1. Could you give every pair whose Cβ atoms fall below 6 Å, whose first residue belongs to the range 267-290 and is more than 23 Å from Lys159 (Cα to Cα), and whose second residue is in a loop (DSSP other than H, G, I, E, B) and away from ligand 2 (no atom under 11 Å from the Cβ), counting only separations of at least 6 or pairs across chains?
2. Which of the numbered conditions does Tyr138 fail, given that it passes all the others? Conditions: (1) aromatic (Phe, Trp, Tyr); (2) within 16 Å of ligand 2 (Cβ to nearest atom); (3) in contact with a strand residue (DSSP E or B) (Cβ under 7 Å, 6 or more places away or on another chain).
3. On the given criteria, is Lys414 of a type outside the set (Gly, Ala, Ser) and at pLDDT below 95?
4. Being of a type in the set (Gly, Ala, Ser), part of a strand (DSSP E or B) and farther than 23 Å from Pro187 by Cβ is the filter here; which residues of the range 233-273 pass it?
5. Can you pull out every residue in the range 158-199 that is within 23 Å of Ser458 (Cα to Cα), of a type in the set (S, T, N, Q) and touching a residue at least 24 places away in the same chain (Cβ under 8 Å)?
6. When the residues of the range 9-47 are filtered to those that are β-branched (Val, Ile, Thr) and under 22 Å from the mean Cα position of the chain (by Cα), which remaining residue is farthest from Leu114 (Cα to Cα)?
7. Restricted to the range 274-304, and to residues that are within 16 Å of ligand 1 (Cβ to nearest atom), assigned to a loop (DSSP other than H, G, I, E, B) and of a type in the set (Val, Ile, Thr), which residue is surrounded by the fewest Cβ atoms within 10 Å (Cβ to Cβ)?
8. Within the range 141-162, does at least one residue satisfy the condition of being more than 30 Å from Gln256 (Cβ to Cβ) and either assigned to a loop (DSSP other than H, G, I, E, B) or over 19 Å from the mean Cα position of the chain (by Cα) (or both)?
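The values are calculated or read from the model by the stated rules, or taken from the named source; none is laboratory data. As the structure is a computational prediction, the values presented were derived from the model and not from experiment. Cβ atoms come from the backbone with ideal geometry, glycine included; neighbour counts cover every protein chain shown.
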Amino acid sequence: QSTTFPNGSKRKTIVILGSGWGSISLLKTLDTSLYNVVVVSPRNYFLFTPLLPSTPMRTIELKSITEPVRAIMRQRKGEVTYYEATANDIDIKNKKLTLQTTCHDDNENMQRELQLDYDYLVVGIGAQSTTFNIPGVYENANFLKEISDSEKIRLKVLKNIETASFLKKDDPERQRLLNFVVVGGGPTGVEFAAELNDYVSQDLKKWLPDISKDIKVTLVEALPNILNMFEKSLIDYTQTFLQKENIDLKLKTMVQSVDENIVTAKMDGKEVEIPYGVLVWATGNAPTQLAKKMMNDLKEEQTSPRGLLINDRLQMLGAEDSVFAIGDCTFHPGLFPTAQVAHQEGGYLAEQFKLLHQLDQCKWEMNTANTDNTKELNKLENKLNEPFKYIHRGTLSYIGAERAIVELTIGDNKFKMHGPFAFWFWKTVYLSMCLSFKNRALVAFDWCKTYFFGRDSSV
Ligand code: FAD
Ligand code: NAD
């Protein structure tokens with residue numbers, strides 16, 4: 001792609017960091033013929049996270065919820081470049097990025113670095129799982145954020161089941177191996193505990209009835225309720241339902257430390273020990289290394305430890321003229337770390353970049369052809385200054401045994417539902433949200449496969 005437009009003005013470069021909800025939404029809606037667009041992400045695919053909790057036990061296959069970045073790029077106009085790399089330094093003053101990639105040789109892994117100039121930078125690097133620095137969590141727990149996490153959980157669950165079936169029924173080690181503990185009663189923890197329990201009650205029960213009877217799924221939450229973003233009646237319904245499904249719900253239980261076999265928690269002021277065989281940790285988000293570095297570099301403006309501070313136009317405080325930040329890496333009152341927010345922010349930025357291009361062209365014409373475009377310029381500037389407005393459409397969560405809870409927002413009205421009908425609604429919404437027709441077809445196929453043939457129990 002030429003570096004200038006036919007009228008001689010310079011084509012600017014936008015570098016987009018990340019291939020998650022925010023960055024891919026931007027890439028899909030940006031007019032890529034107006035800029036040189038470079039996407040940088042260590043993950044060469046988009047991951048449809050809302051269905052990630054369904055993957056460890058293979059209700060849905062991992063490949064069904066990923067879409068290669070290059071397949072998305074191919075559908076864009078102009079030329080988009082992709083680097084499979086991690087941005088590890090940003091020189092905001094000189095508008096330069098340092099990228100690092102690992103090259104795999106037969107014998108060794110070599111780190112290579114690349115410097116990249118940008119005119120505009122979009123930071124959509126997501127977040128990492130938080131441990132609140134609770135001792136032993138990082139070393140012993142499994143998180144659920146990436147495909148590799150899903151694989152690790154699956155291996156551990158299946159391995160423990162096989163090892164337990166090898167041990168005598170009265171061996172205490174057998175019960176420990178079969179204690180599956182999920183910490184965090186947010187939607188990630190609830191959806192995964194529900195999927196795990198479905199696997200035990202719908203599939204394992206047929207193959208290994210003795211083992212399935214002894215499996216215990218425990219969900220640990222520090223607050224008095226799980227799923228605190230939902231309306232009270234839906235929370236009550238879910239809590240009663242999970243208990244009926246034999247999930248051991250431990251509320252007001254704050255985990256304080258973890259060792260390789262035991263979770264130690266404070267429950268109503270008393271210390272309790274919960275032995276576990278598999279521990280899944282889902283207590284929310286923390287900033288990534290790069291986000292922390294940027295906060296440190298811009299200490300005066302970046303005063304929150306929770307994420308990159310942005311203004312109402314998604315410009316990063318301290319670098320407003322050239323850096324935008326979207327999604328889970330940011331912190332802004334009223335904007336929650338959800339796919340819904342990141343997706344809408346990506347769409348808003350695509351519109352902002354179109355306006356910025358039109359503004360540049362307008363200024364260029366005024367300077368080179370001496371035309372008076374003041375009216376047009378003011379109109380564009382007013383449009384550009386319009387803030388991002390998030391429209392909350394609702395929240396959904398799967399709660400197991402073909403039940404879901406749904407809270408919808410339509411205008412000023414709220415609608416809620418729960419049970420089997422809500423489950424079908426949940427399925428329809430997530431199918432419609434899948435990124436491509438291929439993903440939609442694969443997810444629908446996986447749901448049918450699980451319904452008729454059950455989940456795969458082999459590694
Ligand atoms: P992400 O989607 O996490 O993407 C971040 C990207 O940045 C990744 O591609 C990563 O590889 C890349 N990256 C990281 N570091 C660097 C770096 N240094 N340089 C370059 N690239 C980098 N939200 C909902 O609204 N509904 C749901 O049902 C829902 N379900 C969820 C289920 C699970 C299990 C999880 C974990 C989250 C769920 N969420 C849901 C939350 C949602 O996934 C996040 O809010 C959303 O992914 C945020 O999008 P993002 O673009 O900010 O980050
Ligand atoms: P979360 O922040 O929503 O919930 C974490 C939970 O862990 C909280 O309820 C918290 O009280 C609890 N907790 C924290 N420390 C604890 C401790 N030491 N012991 C016991 N409990 C502890 O986290 P999440 O579920 O990982 O979700 C992250 C983000 O992704 C949220 O914004 C969420 O809305 C979004 N998400 C949405 C969906 C959905 O809409 N269906 C699904 C998954 C994630």
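1. As it stands, the answer is Pro287/Gly307; Thr288/Ile125; Leu290/Ile125, since those pairs meet every condition given.
2. Evaluating Tyr138 over (1) aromatic (Phe, Trp, Tyr); (2) within 16 Å of ligand 2 (Cβ to nearest atom); (3) in contact with a strand residue (DSSP E or B) (Cβ under 7 Å, 6 or more places away or on another chain) leaves (3) as the failure.
3. Numbers: of a type outside the set (Gly, Ala, Ser): yes; at pLDDT below 95: yes.
It is true that Lys414 is of a type outside the set (Gly, Ala, Ser) and at pLDDT below 95.
4. Ser257 - this is the single residue of the range 233-273 that is of a type in the set (Gly, Ala, Ser), part of a strand (DSSP E or B) and farther than 23 Å from Pro187 by Cβ.
5. Once the filter is applied, which keeps residues that are within 23 Å of Ser458 (Cα to Cα), of a type in the set (S, T, N, Q) and touching a residue at least 24 places away in the same chain (Cβ under 8 Å), the range 158-199 yields Asn160, Ser165, Gln175, Asn179, Asn197.
6. To start, the set of residues in the range 9-47 that are β-branched (Val, Ile, Thr) comprises 13-16, 24, 29, 32, 37-40.
Next, from what is left, pick out any that are under 22 Å from the mean Cα position of the chain (by Cα): 15-16, 24, 29, 38-40.
Working: Val15: 13, Ile16: 15, Ile24: 23, Thr29: 27, Val38: 13, Val39: 14, Val40: 11 Å.
Ranking the candidates gives Thr29 first.
7. Within the range 274-304, the match that is surrounded by the fewest Cβ atoms within 10 Å (Cβ to Cβ) is Thr288.
8. Looking through the range 141-162, at least one residue is more than 30 Å from Gln256 (Cβ to Cβ) and either assigned to a loop (DSSP other than H, G, I, E, B) or over 19 Å from the mean Cα position of the chain (by Cα) (or both).
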